[in-house]
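**Q** Please find one structure pasted underneath; my questions will follow.
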Amino acid sequence: MIATAATRLVRTGLAATALTAGTVLAAGLGAGPAQAATPQVHPDGFVTQMQCTGESGQITYAPGLWKAAHAQTAALAATLTGCSDAFGGVYSDNGQLSVSLSGSSSKSSGNLSGSFVINWPASSHYNPSVGTATLNIASNTLTLNGTTSSTTGAWEGSYVHAGMLVTAHRGAGTKAHPIKQQTFVNTVPLTVQHNLG
């Protein structure tokens, strides 16, 4: 029964907070008087639930970026590698990040907002994380910030952050030949953190 409950928590990504230092399991198994008398220390602030050290992919724009800021839609897709979780799980298979965005941007600055889906490595058995995100465009850097929102996804109410460096452009960045696509690699690992207060 306890193992089944723990499995459900892991699949929704809630285990990182629910099973901190094994306190829930110890309570469920009837910890002895000496253990019960020992105060439990819980970390305050942000705790990393999952981190992926590698992130590479492409972002496409329509109608494309040029010198003047204007209405824009964008789709970002990245492969996530080097993922590990709060329990020391290290996953050799890849995850996927997909973000759909809209807003106003020039080729040098702008802010787009929308929604994201993160499909974690299959071997992790975590449900996908979904939520809302903003993407800041500043010359050749992209900064993604988001919040997970799904009650069925991993780590509801957690914060997502990643930084990316643009390595190539498709398009000249002029109105006649706008930038339609950019290729990027990460400069800041994709990280999911939960605020424990």
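Computed from the coordinates by the stated procedures, all read-outs in this text should not be read as laboratory data. Worth saying up front: this structure is predicted, and the values here are computed from it rather than measured. Cβ placement follows ideal geometry from the backbone for every residue including glycine, while neighbour counts extend to all protein chains displayed.
**Q** Surrounded by fewer than 15 Cβ atoms within 10 Å (Cβ to Cβ), under 15 Å from the mean Cα position of the chain (by Cα) and among the small types (Gly, Ala, Ser): does that describe residue 115?
**A** Considered against the rule, which asks whether it is surrounded by fewer than 15 Cβ atoms within 10 Å (Cβ to Cβ), under 15 Å from the mean Cα position of the chain (by Cα) and among the small types (Gly, Ala, Ser), residue 115 comes out as yes.
**Q** In the list 76, 65, 135, which residue meets the criterion of being touching a Leu at 6+ places or on another chain (Cβ under 6 Å) and buried (at least 21 other Cβ atoms within 10 Å of the Cβ)? Don't jump to the end; show me each part of the working.
**A** Working: 76 fails: touching a Leu at 6+ places or on another chain (Cβ under 6 Å); 65 fails: touching a Leu at 6+ places or on another chain (Cβ under 6 Å).
That would be 135, the only listed residue that is touching a Leu at 6+ places or on another chain (Cβ under 6 Å) and buried (at least 21 other Cβ atoms within 10 Å of the Cβ).
**Q** Pairs please, first residue from segment 136-160 and without any contact (Cβ under 8 Å) to a residue 12 or more places away in the chain and in a strand (DSSP E or B), second anywhere and among the small types (Gly, Ala, Ser) and crowded, with 24+ Cβ neighbours inside 10 Å, Cβ atoms under 8 Å, 6+ apart in sequence or on different chains.
**A** none
**Q** Could you list all residues from segment 92-118 that are in contact with a Ser or Thr (Cβ under 8 Å, 6 or more places away or on another chain), closer than 14 Å to residue 77 by Cα, part of a strand (DSSP E or B) and not aliphatic (A, V, I, L, M)?
**A** Matches in segment 92-118: 95, 96, 100, 114, 115, 116.
**Q** Moving to a separate point now. Given (1) over 17 Å from residue 180 (Cα atoms); (2) without any contact (Cβ under 8 Å) to a residue 24 or more places away in the chain; (3) not in a loop (DSSP other than H, G, I, E, B), identify the lone condition not met by residue 82.
**A** Only one criterion is unmet by residue 82, namely (2).
**Q** Still on this structure, please answer the following. Of these, 158, 124, which one is of a type in the set (Ser, Thr, Tyr) and in contact with an Asp or Glu (Cβ under 7 Å, 6 or more places away or on another chain)?
**A** That would be 124, the only listed residue that is of a type in the set (Ser, Thr, Tyr) and in contact with an Asp or Glu (Cβ under 7 Å, 6 or more places away or on another chain).
**Q** Sort out which residues of segment 50-73 are in a strand (DSSP E or B) and among the hydrophobic types (A, V, I, L, M, F, W, C), and write them in order of number. Can you show your working first?
**A** Of the residues in segment 50-73, the ones in a strand (DSSP E or B) are 50-65, 70-73.
Matches in segment 50-73: 50, 52, 59, 62, 65, 71.
**Q** Here's something else I'd like to know. Among the residues of segment 161-183, which ones are assigned to a strand (DSSP E or B) and either under 12 Å from the mean Cα position of the chain (by Cα) or surrounded by fewer than 19 Cβ atoms within 10 Å (Cβ to Cβ) (or both)?
**A** Within segment 161-183, 161, 162, 163, 165, 166, 167, 168, 169, 170, 180, 181, 183 meet the criteria.
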